[in-house]
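Since the structure comes first, as structure tokens, the remarks are kept for the end.
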Amino acid sequence: MTEPLWEDDERPRVGAMGPVKVRVPAKINLHLGVGDLRPDGYHEVTTVYHAIGIFDELTARPADGLALTMDGEGAGELALDDSNLVIRAVKVLAAATGRDPHARLHLRKQIPLAAGLAGGSADAAAALAACDALWGTGLSREDLASLAGRLGSDVPFLVLGGTALGTGRGEAVSPVLAPGNAWHWTIAVAEGGLSTPEVYRELDRLRAAGEAPAAAGSTDEILAALRQRDAAVLAKSLVNDLEPAALAMRPALRSTLAAGVAAGALAGVVSGSGPTCAFLCRDADGADLVAEALAAGGECRWARTATGPVPGARLV
Ligand code: C5P
């Protein structure tokens with residue numbers, strides 16, 4: 001967590017003329033154990049986050065005010081005002097470092113909205129990294145991760161990237177030390193989103209009715225599976241407590257999950273609060289076949305392959 005954002009000789013200086021470009025990945029959860037609802041409205045979680053190679057890109061230029069434009073996934077649907085996590089991130093960084101929140105930002109989105117891939121959180125992480133570089137504030141990754149926690153539970157992980165353990169409401173992250181291995185995924189993005197708070201509420205309702213299991217156990221099994229570097233072993237350990245809730249709200253996802261496995265995936269799991277499904281595959285060719293089958297079968301809006309882990313928000 002103390003790794004700097006730049007080698008010393010690349011660190012932008014105060015007043016850098018920009019543009020500064022940051023690339024940030026999507027995330028899936030290899031393990032998402034959801035515990036009790038806390039008094040602050042969040043659930044206690046134990047999760048293993050995993051950053052995958054589907055990226056948003058944020059470009060920041062110097063300006064006399066603050067402006068955000070975007071293109072790609074969700075353009076035209078996402079408010080670009082103070083409710084946008086990018087704008088909130090810029091303001092949080094400015095307040096914490098005594099700067100004016102000035103930047104002209106352009107967001108190029110590939111990560112779909114409300115998909116369970118933490119796209120909004122990723123963009124907030126990118127905004128912190130981009131404005132830190134643009135303004136020359138030079139915060140450490142640890143400092144940025146701590147500001148990130150104020151913006152959303154998943155934002156600190158998107159600053160860090162890789163594979164990491166998340167506790168608390170997800171904001172307390174620590175890297176998982178696993179041997180370098182590229183895991184091959186197919187990501188199937190559904191038509192329309194799901195609201196994260198509603199999915200958590202549905203899980204509470206299902207549990208109260210005795211229709212969903214209690215919190216998944218420890219992360220020991222998934223962490224051991226990551227160390228074994230065997231996709232078939234990892235496939236057996238994927239778990240997401242939010243999956244029954246997402247399936248109750250979007251029953252068609254059952255057919256998507258079954259179709260991915262029928263096409264050769266080792267396992268399929270709803271990503272975070274859904275409705276995206278993530279399929280672990282044996283290799284790149286296997287992932288291609290699953291993506292083709294899901295797209296051809298009309299099981300999703302789009303499907304593509306991605307490998308993980310990849311780094312968090314980084315200057316490019
Ligand atoms: O942290 P973030 O703003 O992304 O969370 C969005 C919503 O998801 C929260 O307002 C809460 O309803 C739900 N949530 C939760 N427990 C968590 C994380 C999120 O209940 N650990």
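If you place +1 on the Cβ of every Lys and Arg, -1 on the Cβ of every Asp and Glu, and leave all else neutral, what size is the dipole of the range 236-316 about its Cα centre, to the nearest 20 Debye?
Roughly 180 debye, rounded to the nearest 20.
Find the accessible area per residue for the chain; the probe is 1.4 Å, ligands and nucleic acids are left out, and the unit is Å².
42
Using a simple spin-label model with points 7 Å from Cα along the Cα→Cβ vector, what separation in nm is obtained for residue 236 and residue 284?
Spacing of the two 7 Å Cα→Cβ label points: 2.9 nm.
Could you sort 199-210, 88-99 so that the peptide with the highest average Cβ count within 10 Å comes first and the rest follow in order?
88-99, 199-210
Please state the charge dipole magnitude for the chain, taken about the Cα centre, from unit charges on C-beta atoms (+1 on K and R, -1 on D and E), reported in debye and rounded to the nearest 20.
My answer is approximately 140 debye.
Please give the per residue volume of the convex hull enclosing the alpha carbon atoms of the range 51-92, rounded to a whole number of Å³.
108
Roughly speaking, what is the stretch gain from residue 205 to residue 167, that is 0.36 nm per residue apart minus the C-alpha to C-alpha distance, in nm to one decimal?
Gain on stretching residue 205 to residue 167: 11.4 nm.
What translational D, rounded to a whole number of µm²/s, comes out for the range 34-133 from Stokes-Einstein when the hydrodynamic radius is the Kirkwood one over Cα pairs, at 20 °C and 1.002 mPa s?
145
Given the peptides 215-221, 116-122, 137-143, 287-293, arrange them by the average over their residues of other C-beta atoms within 10 Å, most packed first.
116-122, 287-293, 137-143, 215-221
Treat the chain as a sphere of radius equal to its Kirkwood radius over Cα pairs and apply Stokes-Einstein at 10 °C in a medium of 1.306 mPa s; give the translational diffusion coefficient in µm²/s, rounded to a whole number.
81
Using a Förster distance of 35 angstrom, determine the FRET efficiency expected from the C-beta separation of residue 177 and residue 64, and round it to 0.05.
0.20
Expected output is a single nm value to one decimal: the length gained when fully extending between residue 100 and residue 150, i.e. 0.36 nm times separation in residues minus the C-alpha distance. What is it?
Result: 16.1 nm gained on full extension.
Could you tell me the distance between the Cα centroids of the range 263-316 and the range 136-157, to the nearest Å?
Here the two parts' Cα centres lie 28 Å apart.
Considering only protein heavy atoms and a 1.4 Å probe, what is the carbon-and-sulfur percentage of the accessible area of the chain?
Reported share for carbon and sulfur atoms: 50 percent.
From the Cα trace of the range 161-316, what convex hull volume per residue do you get, rounded to a whole Å³?
Expressed per residue, the convex hull around the Cα atoms of the range 161-316 is 133 Å³.
If you find the alpha carbon centre of the range 167-227 and of the range 71-87, how far apart are they in angstrom?
When both Cα centres are located, 26 Å separates them.
The values are calculated or read from the model by the stated rules, or taken from the named source; none is laboratory data. Quantities reported herein were computed from a predicted structural model and do not represent experimental measurements. Ideal geometry is used to build each Cβ from the backbone, glycine not excepted, and the neighbour counts take in all protein chains shown. Note: areas computed on protein heavy atoms with side chains; ligands, DNA, RNA excluded. Shrake-Rupley method; radii C 1.70, N 1.55, O 1.52, S 1.80 Å.
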